[in-house]
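**Student:** Structure below; questions to follow.
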Amino acid sequence: MHVIQFAELVRGLLPEAASDEEDASAAFFSLEAGELMERLGEEAFDDVPLPDPKMGGAASGGAGMSFEEDEGAARFDPFGRARRAVRNLLNFTTYYQMRERAGTVGHNGANDVLRRVRDGRDGLRMHLIGHSFGARLMSAAVIGPDGQATVRRDTLTLLQAAFSHHGFAQRWDGSRDGLFRRLVSDRMVKGPVLISYTVNDNAVGLAYPIASRIMQQTAAWVGDKDDPYGGLGRNGAQKTPEAVDRFLLAVGGAYELMPGTLYNLNADDFIANHGDICKNEVAYAVLSAAACT
């Protein structure tokens, strides 16, 4: 099968209606398949999700074929540019399908469950926690379907969240707000919102360097907080006036948490990778947030 035909087939399996600009998924669908694969096969970025700081940038390596060969329909090359493009295509496809599913379940399923739990229990305090795509699910669950009256939650903790670091942003590109901006602007969470992030999280960083390839960004630090396409679990909430930068503290540390504020908690000292969240320090932060509501 030609690589371009493969790209068209894979894209055809995905629900395009869930695409947006924050993670380059709109361009993922709008680009011609050949152009998309050209960009995904570029050597401008290292194949490792996040660059090694000791290398001073993104390393390149390997050679490959052009997708303009063979009358515009290149055949699969397992050793060169085509392999890189196909791998990036499949990684981005997996990310896109999981984030679309998390949003749908959160908006249409979990929101209703939370409403039912709250119904008739006015004194019940509700503290929500989500990890990875579960953080996107919980954010979507807080907002719920359009036109639905808000049921405020007490705290929200997002651990190594797998969505855009502009998800809560105000005019992240100069005109558009982040997808979950209403959660902040409408004060849908009564207490603090905790966001753990770390440079050690390569899993969250994976989709966003690929997004940068799609949009042909060439920042020295692809996927970091200055890149238009970065992950919340990698960088914390960016371009969000209500967000402040703090550190995940050791047990017994003094958190000073305020309602309506998002806390980007740098977890470099405690979280070693995407799934490394079952820590006393994480539980302590969650309990500290709950104690102030």
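**Student:** If we scan segment 125-137, do we find a residue that is part of a helix (DSSP H, G or I), at pLDDT 95 or above and either basic (Lys, Arg) or more than 17 Å from ALA203 (Cα to Cα) (or both)?
**Tutor:** Taking every residue of segment 125-137 in turn, at least one turns out to be part of a helix (DSSP H, G or I), at pLDDT 95 or above and either basic (Lys, Arg) or more than 17 Å from ALA203 (Cα to Cα) (or both).
**Student:** Sticking with this structure for a sec: Give just the number: which of (1) modelled with pLDDT under 90; (2) on the phi < 0 side of the Ramachandran plot does GLY57 not satisfy?
**Tutor:** (2)
**Student:** Could you tell me whether ARG181 is over 12 Å from the mean Cα position of the chain (by Cα), basic (Lys, Arg) and at pLDDT below 95? Show your work before the answer.
**Tutor:** Working: over 12 Å from the mean Cα position of the chain (by Cα): yes; basic (Lys, Arg): yes; at pLDDT below 95: no.
Criteria not met by ARG181.
**Student:** Quick one: count up the residues across segment 239-249 that are over 17 Å from HIS166 (Cα atoms) and buried (at least 19 other Cβ atoms within 10 Å of the Cβ).
**Tutor:** The initial filter retains those residues of segment 239-249 that are over 17 Å from HIS166 (Cα atoms), namely 246-249.
With the extra rule that they be buried (at least 19 other Cβ atoms within 10 Å of the Cβ), the set shrinks to 248.
Qualifying residue count for the region: 1.
**Student:** Could you list, in sequence order, the residues of segment 138-169 that are in contact with a Ser or Thr (Cβ under 9 Å, 6 or more places away or on another chain) and either of a type in the set (D, E, K, R) or not assigned by TED's automatic domain parsing to the domain that holds MET258 (or both)?
**Tutor:** ASP154
**Student:** Among the residues of segment 103-124, which ones are not in a loop (DSSP other than H, G, I, E, B) and not charged (D, E, K, R)?
**Tutor:** GLY103, THR104, VAL105, GLY106, HIS107, ASN108, GLY109, ALA110, ASN111, VAL113, LEU114, VAL117
**Student:** Going through GLY223, GLY252, GLY233 one at a time, which residue ends up being at positive phi, buried (at least 20 other Cβ atoms within 10 Å of the Cβ) and in contact (Cβ under 8 Å) with a residue 12 or more places away in the chain?
**Tutor:** Details: GLY252 fails: buried (at least 20 other Cβ atoms within 10 Å of the Cβ); GLY233 fails: at positive phi.
Result: GLY223 is the single residue among GLY223, GLY252, GLY233 that is at positive phi, buried (at least 20 other Cβ atoms within 10 Å of the Cβ) and in contact (Cβ under 8 Å) with a residue 12 or more places away in the chain.
**Student:** Which ones in segment 8-33 are over 23 Å from the mean Cα position of the chain (by Cα) and either buried (at least 18 other Cβ atoms within 10 Å of the Cβ) or touching a residue at least 40 places away in the same chain (Cβ under 8 Å) (or both)?
**Tutor:** ALA33
**Student:** Counting just the residues of segment 149-178 that are more than 20 Å from ASP112 (Cα to Cα) and of a type in the set (Ser, Thr, Tyr), which one comes out nearest to the chain's Cα centre (by Cα)?
**Tutor:** SER164
**Student:** What about ALA149, is it aliphatic (A, V, I, L, M) and not in a helix (DSSP H, G or I)?
**Tutor:** So ALA149 fits the description; yes.
**Student:** Exactly one of these conditions fails for GLU100: (1) of a type outside the set (S, T, N, Q); (2) in a loop (DSSP other than H, G, I, E, B); (3) touching a Pro at 6+ places or on another chain (Cβ under 8 Å). Give me its number.
**Tutor:** Here GLU100 clears every test but (2).
Yes/no per residue for (1) touching a helix residue (DSSP H, G or I) at 6+ places or on another chain (Cβ under 7 Å); (2) under 27 Å from ILE195 (Cβ atoms); (3) surrounded by 13 or more Cβ atoms within 10 Å (Cβ to Cβ); (4) of a type outside the set (A, V, I, L, M):
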{"site": "MET98", "(1), (2), (3), (4)": "yes, yes, yes, no"}
{"site": "THR104", "(1), (2), (3), (4)": "no, yes, yes, yes"}
{"site": "ASN111", "(1), (2), (3), (4)": "yes, yes, yes, yes"}
{"site": "LEU114", "(1), (2), (3), (4)": "yes, yes, yes, no"}
{"site": "ARG121", "(1), (2), (3), (4)": "no, no, no, yes"}
{"site": "LEU124", "(1), (2), (3), (4)": "yes, yes, no, no"}
{"site": "SER132", "(1), (2), (3), (4)": "no, yes, yes, yes"}
{"site": "ASP146", "(1), (2), (3), (4)": "no, yes, no, yes"}
{"site": "VAL151", "(1), (2), (3), (4)": "yes, yes, yes, no"}
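**Student:** Name the residues in segment 248-288 that are of a type in the set (A, V, I, L, M) and out of contact with any Leu (no Cβ under 9 Å at 6 or more places or on another chain), would you?
**Tutor:** Listed by number, the residues that qualify are ALA250, VAL251, ALA254, MET258, ALA272, ALA283, LEU287.
**Student:** Being modelled with pLDDT under 95 and of a type in the set (Gly, Ala, Ser), is that true of even one residue in segment 226-241?
**Tutor:** yes
**Student:** Still on this structure, please answer the following. Which residues, taken from segment 157-214, are assigned to a loop (DSSP other than H, G, I, E, B), within 27 Å of MET126 (Cβ to Cβ) and without any contact (Cβ under 8 Å) to a residue 40 or more places away in the chain?
**Tutor:** ASP177, ASP186
**Student:** With GLU256, GLU242, GLU281 as the choices, which residue is over 18 Å from the mean Cα position of the chain (by Cα), under 21 Å from ASP173 (Cα atoms) and among the charged types (D, E, K, R)?
**Tutor:** Only one candidate passes the filter, namely GLU242.
The values are calculated or read from the model by the stated rules, or taken from the named source; none is laboratory data. Values in this document were obtained by computation on a predicted structure and should not be read as measured data. Virtual Cβ from ideal backbone geometry, glycine too; neighbours counted across all protein chains shown.
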